[in-house]
Every structure is written in C-alpha cells, then in structure tokens.
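Working notes for the structure below.
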Amino acid sequence: YEVVRELGAEEVRWFYREDRKTWKPFIGYDSLRIELAFRALGGGGDGEAAAVEPVCVRSGLYEVDVASAESYPVYWNQTEKIPVMRGQWFIDGTWQPLEEEESNLIEQEHLNRFKGQQLQESFDMEVSKPLDGKEAIHSLKLSRNHVDWHSVDEVYLYSDATTSKIARTVTQKLGFSKASSSGTRLHRGYVEEATLEDKPPQTSHIVFVVHGIGQKMDQGRIIKNTAMMRDTARKVEEKYFSNLATHVEFLPVEWRSKLTLDGDTVDSITPDKVRGLRDMLNSSAMDIMYYTSPLYRDELVKGLQQELNRLYTLFCSRNPEFEEKGGKVSIVSHSLGCVITYDIMTGWNPVRLYEQLLQKEEEELEDRWMSYEEQRLLEELFITKQRLREIEERLHGLKASTISKPPVLKFKVENFFCMGSPLAVFLALRGIRPGNSGSQDHILPRTICNRLLNIFHPTDPVAYRLEPLILKHYSNISPVQIHWYNTANPLPYEHMKPSFLNPTKEPTSVPDSDSASAAPSPTTSPVMVRRHYGESITNIGKASILGAASIGKGLGGMLFSRFGRSSTTPQTLETGKDGAEGEDKKATTVGTPPLPHSSSGFLEPTVELEHRIDFELREGLVESRYWSAVTSHTAYWSSLDIALFLLTFMYKQDQEETDKSNLDTL
C-alpha cells in the first residue's frame, strides 16, 4: 500500500481567478512549472527567498509571479492583476480548492499525524463500515469550521456556524446524506496529476485584433472583446479542429490610448447639456473626424502601425520557432480600424491624392485655348517642374543608397478580415470605381495581403459592401451567407454559387437631371443595397459616424439614404441633394444592358470575382431590426458563427499547404 508522504509537484494544482469568478485550474504543463518555481522560491538557503523567473502560462499570453501570487498579461496592459492560488486540498464533486490558509493548516496537521502511515485500499473501507457509525480518529479546529479524519483518507469538513458559506454552498449543490448534513468530503491532491504532456499546441497563426472608433470611451474594451473572440474560437477549435496540432492565437491591438491628439481641447469646447451623449459622440464619431484631419491622421496611422510591429516583435522574441516554421499573421479589424489598417498596408495617403488632382488640372489646362504669352509661361513652368522632379529623384536616390527604408509592417498579412467596416465608403470617396476584372488587386493587391474578407451584420449601419467597387454588377448579387455554427456538413464557401438579390430587377436607372452617361459616384450611389429599415434609422445614420466621414464632401444622398426611403433598385442614382427629388422624377434607363440571369435566380457566367469578399451574418429570427441596427455594430465579438468562419479560412490555408489530399475534410 501507498504511504502518506508530502504532496508531489504533480499532485498540487494551481488556479487563477479572473473577474472575481470561480477559480479555474491551470493546465498540467502550466501548473507543474508554477509549482517547481514555487518550490525553488522557498529553497533559497539562508532563509532568503531565491529570485525566480516569472512563469509563462496560458499559451504564453500571461506570466505568473510566484512570489506575489499574481498573474498578468504579456502583450497588453491590464490594471487588475489576476490572483493565482496553490491548491492542495479539494472539495469533493466540484474539485474547487480550499482557501490557501486553511489548506496549509490541514496539510500540516495531516502530515504531523499520518506521515509514514499506510493508506488502505479505499474500496475495502467503503464496503466494510458505513461512515455514520465511525468515530473521528483526529480533529482540527479552524476559525469557522473543523476537520475530522475518520481514517487516513476519509476527511470531512464540518461547519461550526451554520452560516458558513463554504459548507452551505457545497451541501446545497451535492445534498449530503451524512449524519451531519454540513459535512463536506475533502480530497488531498487534485483529481488528475499534472504532466508536462498536458501542453497547449504550438501557435502556427497569430491574429491581431484591431479596434475601431470610440476606444477612448473604454480603453479595456478591445482586450475584453478579443478575450471573447478568443474564448469563442477555443470552443470552435475543440469542436471542429481538435485533430490539428496547430493553434490560432488572438492578440488585441490597443493603439488609441497612447495617443495624445489634441489633449483635451475638444472636451473643453463641448457644452454641458446632454453631456453623456456628447461624450459618446466625441469618442466615436470624433475618431473619424480626427482621421479626416490632416493634423492627426498621421498620428493615428503611426499609433496603430507601431503597436502592430511591437506586438509582432515581442511575440517572435518569445516564440523563436514561429518564424522558422513559417508562422502566419492575419488581421481582424473592426469599424474605422479597417480603414486605418488598409491605409497602413497599402501606404495610401491624402498627399498622393492631391498630387493626382494637380496633374489632372494641368492636363485640363493644356486642352483649352490660350494666348501666346500664357502658353510661353506654362511651358516654362512645365520645364521648371520637370527639372525640380529630376533633382528630387536624384536626391532621393542618394538617400536611398545610404539608408534602406524599412517595410511599414514587419510581417506579411495572410488574411485581412474587416468586420462592420466603412472601408468601402472611404475608397469610393477616394475615387475608386468598379473595373472589369474580378481581381481583389483592384482594391488590395495580393502581394500585400493574400485574401480580403468583409464581414457584416445585415443591419449594421456602419458596414458597407466592397464587391460592387470591384465589379459593378455585384451590387445585384447577394453577399455570401455565413454558415450557422451548428450547420451539419455546410457547403464550402468556394462552392457556393452567386445568387441575385432580386431576379426580376430592372437595370440601373437614373433621374432625368443626370445625363445618361453619368457614372455612379460616391455622391450618388449607395454601395450597399438599401433595405427597408425606415426613417428612424436614417436619423441615427445622420447623427452618426458616416456624417463625420462625409465632412469635406457633399455626400448627402449616399450616406443618409442608406437605410432610408425604400427603393426598388439597389443603385438608384440621386442628385447630390439629400431629398427625394431625384427619385420623384421619372427614371430613365442607363445605357447598361440588363444582366443575364436565368429563371433560377443564379447568374449565367459573366465576369466573376476570383474570390468572394462580402460575407453576411444570417439575421436572427426574433431580433427587431431597429434594435439590431443599434447593437449589431458590436455583436461580432462573441459570435460562434464568425469564430468558425475565421478559423475555417485560416486552417484551410494551413491544411492546403501541408496536405493537399485532406481538402475534403473541411
């Protein structure tokens, strides 16, 4: 028989507690390493505690400082420390640890009384004698309760005060039939031994989660949102991808709080009435205003860029194998975060747009009639400008030879997932128009980012479609529906056929006031199909984010009619005025031929996109559309459907590369 001895490191289990909830056990690999550090801490000799390195836990996201019994995140800042605790004695059934002080006293007493004694086989005991009739062979008094040993391995905790919280909750949960109903069976050592094999898989893919507007309101929110997304993804991983030895890790990118921007100037000019609402607008719509301001735009871009690079460098320094084994990086951005991430990846800036406009003006000048003197001066100006460009280029060449410019991001982006994204509006305002090739390169070159995916909730007032910016007729094709998490054997996304939003649609129509040659412009055409959501949402729209985005452009029609008046055609072109005038006039047909479509509602092959980009969450059956328009913009984080969607794309690529034959498993 076994002999009572001190608990081995593998029998002890360490726990952590977040948000004042119950204690959660660390996995074996973590617990064992914390326990070894804890033992090293006590064994410094000469009564001095040895300095112990912090222990890396929870897939490397946190560290444990054994001396202070606290845990803290590695990649982001958190004001609240997470307490950790050493469990030796556990409550029967729930396997929750007893508080450390009590646990230490019981353990000490147990060793003093029983060390070296033999443990009997438990089943012999149980059968031979009912417990009620047994006397306690040893007892220990604690502050509010006492512990009785009926034998070496039958130990019960009794509450002395009937109000004892621990006994009450446990007896209610387990309903004891023991003589004293408040007796709780205790176990020495955890239900399963800790082993180094109980280890998280190696991270093969990291996902940076980028927040959008309004982070000033609640700086910790992106950390909570990312945690929700990570926990949801864990559930999905366990259910669908448990056979894979790789792992996707989510890291929050909190870029807003480090920025000073205007200090508190905007706060000082904000009137006091309806302060709450104003503060909300200041810290949400305001970020879009900052982003359209030449003064602060660079600060926002730099803030996000530096944080992305800092996190990547830190991750690689702590996981040296990641780059060696070809680890991948994806980005999930929300709201305005999508626009800033896009601008960092593509290096877009407003100065370039301004130069293009100047060039256009020059070309227009050349076309009109002018006097000899004017012509001579223009030629002189042209030659001077050309000379200036040459000098600039030579200077640039000299500089470039001495210092090579580092890439903006230190990693290649595998997938860029946009959630609830106004990116399409920004691109339309910058003059991007549909082309005639179905390639993603039209808006985001594959050399910069392998795959662009735009996810939105159908009633999210901030989200817009990207596909019609690549091929115009996609405004008539519905976005791909994201599978529900529990769908059995869903059709792979690449096999889903494009289907019409409304097979009986007339071709795009235009009001008389615009000539038939008028091209749809951001001022006139909504990027997304108008849904019949009614006026009240239109008004939310007016006061919201996109109002801010439209500063500097007479956007009127487009932004505010998005949820407004119902219209049978998805791209009714209006005059720039925000009124129904354009629609009241008799519509005439633009010179575009009607799209070929078969009676089944599926497209006959015309130019198609290489890959679909717009993916739409399925609407809940019960939610009110008005309410969901308010809540949907933040509903992405805890969605199991989205977690499955993200992992499907990330794991699919990993599998395609490692094993072509397993394609059909997804």
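The values are calculated or read from the model by the stated rules, or taken from the named source; none is laboratory data. Since we're looking at a predicted model, the values are computed, not measured. Don't worry about glycine lacking a Cβ; one is built from the backbone with ideal geometry, like all the others, and counts go over all protein chains shown. Protein only, heavy atoms only, side chains kept; ligands, DNA and RNA dropped before computing areas. Shrake-Rupley method; radii C 1.70, N 1.55, O 1.52, S 1.80 Å.
List of remarks:
- Most to least packed among 327-335, 355-363, 29-37 [average Cβ atoms within 10 Å]: 327-335, 29-37, 355-363
- From phi via Karplus (6.51, -1.76, 1.60), per-residue ³J(HN,Hα) for the stretch 64-80 in Hz, x at Gly/Pro: 10, 9, 5, 4, 9, 6, 9, 10, 8, x, 8, 9, 9, 9, 9, 6, 7
- Inter-probe distance in nm under a simple model that places probes 7 Å from Cα toward Cβ, at Asp19 and Leu295: 3.9 nm
- Residues Glu373 and Lys412, FRET efficiency given R0 of 51 Å [Cβ-Cβ distance, rounded to 0.05]: 0.40
- Per-peptide packing, taken as the mean over residues of other Cβ atoms within 10 Å, places 233-240, 409-416, 431-438 in the sequence 409-416, 233-240, 431-438 from highest down.
- With a simple spin-label model that places each label point 7 Å from the Cα along the Cα-to-Cβ direction, the separation between Lys239 and Ala51 comes to 4.8 nm.
- Close amide H partners of His138, meaning residues 5 or more places away or on another chain with modelled amide H under 5 Å apart, are Trp149.
- Interchain or long-range residues, amide H under 5 Å from Val57's placed H: Tyr62, Glu63, Val64
- Sulfur and carbon atoms: percent of accessible area, the stretch 217-374 [1.4 Å]: 55 percent
- Simple spin-label estimate for Asp267 and Ser317 in nanometres, 7 Å along Cα-Cβ: 3.2 nm
- On full extension, the segment bounded by Asp198 and Leu111 gains 28.4 nm, given 0.36 nm per residue less the C-alpha separation.
- Under the Karplus curve 6.51 cos²θ - 1.76 cosθ + 1.60, θ = phi - 60°, whole-Hz ³J(HN,Hα) for the stretch 100-110, x wherever Gly or Pro sits: 4, 4, 4, 4, 4, 5, 5, 4, 4, 4, 4
- Nonlocal amide H pairs with Tyr464, under 5 Å, H built at 1.01 Å: Ser421, Leu423, Ala424
- Length released on extending from Asn489 to Ser68, taking residue separation times 0.36 nm less the Cα-Cα span: 146.6 nm
- Of the peptides 196-209, 336-349, the ranking by mean beta-carbon count within 10 Å, highest at the top, reads 336-349, 196-209.
- Förster radius 35 Å - calculated FRET efficiency between Arg387 and Ser478, Cβ distance, rounded to 0.05: 0.05
- Contour excess over end-to-end distance, with Cα ends at Gln118 and Met228 and 0.36 nm allotted per residue: 34.8 nm
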